[in-house]
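A short worksheet on the structure shown next.
Values quoted throughout were computed directly from the atomic coordinates according to the rules given, and no laboratory measurement underlies them. Please read these numbers as outputs of a predicted model, since none were measured by experiment. Here the Cβ is made from the backbone with ideal geometry for all residues, glycine too, and neighbour counts use every protein chain on show.
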Protein chains: 2
Amino acid sequence: MKAYEMSCSPASVQAVATDPQRDRHAQVVHALGARIVGGSLAPGTSIPIEEELVGELGVGRSAVREGVKVLAGKGLLETRRSAGTIVRPRESWNLLDADVLSWRFEPEPRPGDIRVLADLRVALEPGAARVAAERADAVAVRRIDEALAALYATADDPEPFIEADLAFHKAVFAAADNDLLLYIYDMISIALRSVRQVHTRSVAHNKETLPGHERVALAIRRRHHRKAEEAMREVVEVARADAEQHVRLCC
Amino acid sequence: MKAYEMSCSPASVQAVATDPQRDRHAQVVHALGARIVGGSLAPGTSIPIEEELVGELGVGRSAVREGVKVLAGKGLLETRRSAGTIVRPRESWNLLDADVLSWRFEPEPRPGDIRVLADLRVALEPGAARVAAERADAVAVRRIDEALAALYATADDPEPFIEADLAFHKAVFAAADNDLLLYIYDMISIALRSVRQVHTRSVAHNKETLPGHERVALAIRRRHHRKAEEAMREVVEVARADAEQHVRLCC
DNA sequence: GGCGTGACTTCATCAGATGAAATTCTCACT
DNA sequence: AGTGAGAATTTCATCTGATGAAGTCACGCC
């Protein structure tokens, strides 16, 4: 079995992110990171000098410096001697860092971000399903089938269904036997989990998605990469249409 | 124009990574990060205690602590009071962090990683080209055409051709108007640049890839998402076949 | 007006002290 | 011998103060 597949439970994906309660420096990371990604600290501007942050955040210089270094490692900040610490341009940010994604999607994702996420799935998931059909071994196929069964089993419960759906798509990515691809999906799932909580889908709607998922699983089981891709495209195109409709209706 | 498109020159993509020369703490980040990703510090094991690292790396405790915190932020390390600092399991690593990717691919990528990269392109690029065809505006189309022209112009020079090729694919991703997708490609290009330097492709071979790229550009220009996807699939499938052959021949 | 120089700002680093949390060890008790 | 409470120890977490270095900026000289 591949060492990294199905490695992260939903909980552990969250645990990757820096826990704001744990340590003083983590408080600094979270406070500044959320402000930067949230937009209240604009790229190009300077953040307060170390001494001010010490007062403002109520921590020592060590904690401030360690926190700033972590954010610099995520591409959000750049420190320059004598010139202060400036917020780096958005293109430099590690957008697929778990923390950065959380700060972006968790405080209620913006309509534009919902579109980005839906397009991303359309761009990635059909191709991932295709490679999964090419590379899946017996264990991976079984995992997909189990995830499909869980999907059917939870179709009447909105909350567990979301997790089962995320687990199904994850199983598909895991079947592709590609750690980079699986990492990408783990990050997408962080964003998806936030978005899903917003538009609580109806039970009836959930059930309509079951045949599509079934076709994906079947195609991968038969190593039919063309059909796997097509079936997955249908699933994510439907999800994208739903998201667009939801944005139109409520925002 | 979209704020983030075509934002990074090849140089700035590299500059995202932590510069090992710049600061003491950056030395720590690089020294430990390269060892961890390179495999000489295995997941689950402890790294030397702070005091030992101070002696071993010849820096102060502050630098060690800041460096360790940066690596913890990238998911490579976890610090625990009284229990030392341990290397986190591979599934926790931020695999699409520029530094982590560099440490993985730069010291001469391993055959398995070449396969991972080739599969990843097959999974991602056709879908990206499809969304690009859906979303491209006039500016994006022009950028792709310019990149295509540069590809033709450099077909006789192996080195510039690699950069022109990377720029073309980046222009396609940029046309999709999706910052997460573009970020993914920026990271892929870091890995690709390392791999490309290994198998020096022949001039004749480069020229054979031109018609395929032309078809991609044409399809996007005409907003024909189906054809854009198909054309891009052909391009990356050829690249994958080349990579596989290269691995068989030389490794 | 151009340019060099020096004062100043701000981060970079080191060192020492204290604290807190978890592990490990000790040892009496059952 | 097994067990469990508690002490000793380890190791990271944080604060503070001092020093250094690398830019920045302003001022005055030419």
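Each other residue within a Cβ distance under 12 Å of B:Leu210 adds +1 if Lys or Arg and -1 if Asp or Glu, for a net charge of -2. Taking the empirical scaling 2.2 N^0.38 Å for compact globular proteins as reference, segment B:61-126 has a Cα radius of gyration ratio of 1.40. In sequence order, segment B:45-59 has phi-based couplings of 8, 8, 8, x, 5, 3, 4, 5, 5, 4, x, 5, 9, x, 10 Hz under the Karplus curve 6.51 cos²θ - 1.76 cosθ + 1.60, θ = phi - 60°, and Gly or Pro positions carry x.
Taking a sphere under 12 Å around the Cβ of B:Ala147 and counting the other residues whose Cβ falls inside, with K and R at +1 and D and E at -1, yields a net charge of -2.
With label points defined 7 Å past Cα in the direction of Cβ, position B:Gly84 shows copy-to-copy spacings of 4.3 nm, given to one decimal and shortest first.
Here the simple spin-label model places points 7 Å from the Cα toward Cβ, and for A:Ala83 and B:Arg222 these points are separated by 4.9 nm. Coupling constants for segment B:205-211 follow from the phi torsions by the Karplus curve (6.51 cos²θ - 1.76 cosθ + 1.60, θ = phi - 60°), and in residue order they are 5, 4, 5, 5, 7, 4, x Hz; glycine and proline get x. Can you work out D for the protein assembly as shown in µm² s⁻¹ from Stokes-Einstein, where Rh is the Kirkwood radius over C-alpha pairs, the temperature is 20 °C and the viscosity is 1.002 mPa s? Value of D from the Cα-based Kirkwood radius: 91 µm²/s.
Here the Debye sum runs over all C-alpha atoms of segment B:133-242 as equal scatterers in vacuum, and log10 of I(q)/I(0) at q = 0.09 Å⁻¹ comes out as -0.21.
At the listed q of 0.07, 0.11, 0.15, 0.16 Å⁻¹, the Debye profile of chain A, built from one uniform point per Cα, gives log10 I(q)/I(0) equal to -0.29, -0.66, -1.02, -1.11. Ascending distances from the A:Gly38 label point to its copies in the other chains, with the point 7 Å along the Cα-to-beta-carbon line: 4.2 nm.
Between this copy and the others, label points of A:Glu234 are 2.7 nm apart in ascending order, each placed 7 angstrom from Cα in the Cβ direction.
For the pair A:Val139 and A:Glu106, what calculated FRET efficiency results from E = 1/(1 + (r/R0)^6), where r is the Cβ-Cβ distance and R0 = 45 Å, to the nearest 0.05? Here the calculated transfer efficiency is 0.85.
Residues A:Leu71, A:Leu148, B:Leu124, arranged from fewest to most other Cβ atoms within 10 angstrom of their Cβ, appear as A:Leu148, B:Leu124, A:Leu71.
How much FRET efficiency would the formula 1/(1 + (r/R0)^6) give for B:Glu244 and B:Ala149, where r is the Cβ-Cβ distance and R0 is 45 Å, rounded to 0.05? My answer for the efficiency is 0.90. Seen from every direction in turn and averaged, the convex hull around the alpha carbons of segment A:89-175 projects onto 7.3 nm². Evaluated over the protein assembly as shown, the count of Lys pairs having alpha-carbon atoms less than 16 Å apart is 6 (only pairs 8 or more residues apart or interchain). Is segment B:28-88 rounded, prolate or oblate when judged by the Cα gyration tensor, a ≥ b ≥ c being the square roots of its eigenvalues, rounded requiring a/c under 1.5 and prolate requiring a/b larger than b/c? It comes out rounded by the Cα gyration axes. Averaging the sequence gap over all C-alpha pairs within less than 8 Å and six or more residues apart, then dividing by the number of residues, gives chain A a relative contact order of 22 percent.
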